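Working notes for the structure below.
The values are calculated or read from the model by the stated rules, or taken from the named source; none is laboratory data. All figures in this text were calculated on a predicted structure; none of them were measured in a lab. All Cβ positions, glycine included, derive from the backbone under ideal geometry; neighbour counts span all protein chains shown.
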Amino acid sequence: MARRADEGPTGEEHVLPDVEDDLDEESYQRLTGKRRARLVRQRIAFAVVVVVVLAVGGGAYLVWSDRWHPRGAARPSVAASPTCTPAAAPALLAPKDVTVDVLNGTSRKGLAGAVAAELRTRGFVVTRVANAPQATGPATAVVTYPAASVQQAVTVAARFPEAQLVQDDAAKGISVSLGDGYQQLLAEQALVAPVPTGQPGAC
């Protein structure tokens, strides 16, 4: 082992022993081995920390960039919004091209006759005025029609606020059954053609 020299008061050179020089060879070897082992453990621990940090950082980046999804983590799904194109209502016909029966589904006497007279004034062809076989209920009016006469039925229903359209293939023609909600016909300049339920493309 290396030793350092110093001069004493008499000028003589004295060799100062290092602490390690007091160890025998075997003890020195053990001490050196322990230092090397400790150094190796420190390097291994440092390498493990570096690997863990890189792994966590890399995983976080992949998740953030949507390139990796850990097992059990549900990917946010974008629900497909249903597309619905409202069906166009059939075009209204001229009243003179529509034949309709007017039925009274209320307890108000003379209601069917009064409504039939007003429809005739507007150009509709009213073939029958009678009481409905059963009460219509709170609706304004219920227009019943066979499938082939949907355009004529819409033309009649457009005159009644919030009229209900009911397709009945057994029906021989168009009939409007007046309900308790009926007050008056809509003005001709304020007509809006209703869309029958069950029409292709109806929402």
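Things worth noting here:
- Residues located in region 100-137, provided they are over 49 Å from the mean Cα position of the chain (by Cα) and either over 22 Å from E188 (Cβ atoms) or outside the structural domain of Q151 (by TED's automatic domain parsing) (or both): K109, G110, R128, A130
- Residue check for Q152: more than 23 Å from T106 (Cβ to Cβ), of a type outside the set (S, T, Y) and at pLDDT 95 or above: yes
- Some residue of region 187-200 being modelled with pLDDT under 95 and in contact with a Lys or Arg (Cβ under 8 Å, 6 or more places away or on another chain): yes
- Given (1) crowded, with 21+ Cβ neighbours inside 10 Å; (2) in contact (Cβ under 8 Å) with a residue 60 or more places away in the chain, index of the condition F124 fails: (2)
- Applying a threshold of 7 Å to beta carbon distances and a minimum spacing of six or more residues, or different chains, the list of pairs starting in region 178-196 at a residue that is surrounded by 13 or more Cβ atoms within 10 Å (Cβ to Cβ) and ending at one that is of a type in the set (S, T, Y) and in a loop (DSSP other than H, G, I, E, B) reads L178/T106; L178/T136; G179/T106; G179/T136; G179/T140; D180/T106; G181/T140; Y182/T140.
- Within region 155-172, if we keep just the residues that are hydrophobic (A, V, I, L, M, F, W, C) and out of contact with any strand residue (DSSP E or B) (no Cβ under 6 Å at 6 or more places or on another chain), the residue that is modelled with the highest pLDDT turns out to be A158.
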